[in-house]
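Reading through the structure tokens given below for one structure.
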């Protein structure tokens with residue numbers, strides 16, 4: 001069965017985007033690019049009124065908070081600290097997701113081969129359709145192919161930020177920046193990039 005992203009059915013999950021993990025990306029330009037792309041992701045979901053939750057792995061005083069620009073963009077989004085790799089092992093997070101009454105989760109963050117894969121497996125077990133934005137994932141490991149293959153084999157859908165961007169547009173107004181979208185969400189932000197940098 002074909003799975004498509006439907007804005008009204010979605011929630012976003014930004015997993016463990018913290019200084020400790022970002023510092024392992026390597027070069028400063030690569031880290032800045034990932035932070036910028038995650039801010040664009042949050043802006044995109046925000047435009048379509050898709051609720052977002054963000055997680056921070058404990059201990060936060062050692063692993064760090066969200067980058068300032070991402071925290072500012074998320075505004076009133078729910079922020080949860082977690083002790084488990086799998087965010088669904090946290091009762092507060094499970095309860096929050098249940099209250100949202102969404103059936104699809106769009107996931108991004110880190111580490112691809114630990115918290116992201118475990119969280120996606122947990123979400124799939126709970127019956128969510130899971131979409132993983134592959135170019136918004138990162139890890140200290142160089143090779144995360146096995147984690148991506150596992151998520152896909154278990155039923156997660158891998159997509160790019162660009163695919164997500166245009167699929168959300170398609171879902172709302174047949175792929176146009178037309179009257180229905182304008183009436184529902186207001187003017188589309190013209191400075192919002194359509195692909196990860």
Query raised in the report: When only residues in region 1-22 that are closer than 19 Å to residue 158 by Cα and free of Cβ contacts under 8 Å to residues at least 40 places away in the same chain count, which is surrounded by the most Cβ atoms within 10 Å (Cβ to Cβ)?
Result: 2
Report task. Within region 23-53, count every residue that is touching a residue at least 12 places away in the same chain (Cβ under 8 Å), under 12 Å from residue 69 (Cβ atoms) and more than 10 Å from the chain's Cα centre (by Cα). Result -> 7
Query - Members of region 25-55 that are surrounded by fewer than 17 Cβ atoms within 10 Å (Cβ to Cβ) and closer than 23 Å to residue 186 by Cα - result: 43, 49
Query raised in the report: What helices (runs of 4 or more DSSP H) lie completely within region 79-197 and have 3 or more residues being in contact with a strand residue (DSSP E or B) (Cβ under 8 Å, 6 or more places away or on another chain) and under 24 Å from residue 64 (Cα atoms)?
Result: 91-100
Report summary line: Okay, helices (runs of 4 or more DSSP H) sitting entirely in region 1-65 with 2 or more residues that are at pLDDT below 95 and farther than 18 Å from residue 78 by Cβ, I get 19-22, 28-47
Query raised in the report: Is it the case that region 120-127 has a residue that's touching a helix residue (DSSP H, G or I) at 6+ places or on another chain (Cβ under 7 Å) and either without any contact (Cβ under 8 Å) to a residue 12 or more places away in the chain or closer than 20 Å to residue 161 by Cβ (or both)?
Result: yes
Query raised in the report: Mind checking which pairs have a first residue in region 183-195 that is over 14 Å from residue 39 (Cβ atoms) and a second that is at pLDDT below 90 and assigned to a helix (DSSP H, G or I), Cβ under 8 Å, 6 or more apart or different chains?
Result: 184/172; 185/172; 188/181; 188/182
Requested in this report: Take region 82-113 and flag every residue that is surrounded by fewer than 18 Cβ atoms within 10 Å (Cβ to Cβ) and closer than 21 Å to residue 41 by Cβ.
Outcome: 96, 100, 103
Report task. Collect the residues in region 150-176 that are without any contact (Cβ under 8 Å) to a residue 12 or more places away in the chain and within 18 Å of the chain's Cα centre (by Cα), keeping them in residue-number order. Result -> 152, 163
Query raised in the report: Counting only residues that are out of contact with any strand residue (DSSP E or B) (no Cβ under 8 Å at 6 or more places or on another chain) and either modelled with pLDDT under 95 or outside any helix (DSSP H, G or I) (or both), which one in region 66-76 is surrounded by the most Cβ atoms within 10 Å (Cβ to Cβ)?
Result: 67
Report summary line: Counted residues in region 144-168 being out of contact with any helix residue (DSSP H, G or I) (no Cβ under 8 Å at 6 or more places or on another chain) and modelled with pLDDT of 95 or more come to 8
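The values are calculated or read from the model by the stated rules, or taken from the named source; none is laboratory data. Every value quoted in this text rests on a predicted model; they were computed, and no experiment measured them. Virtual Cβ from ideal backbone geometry, glycine too; neighbours counted across all protein chains shown.
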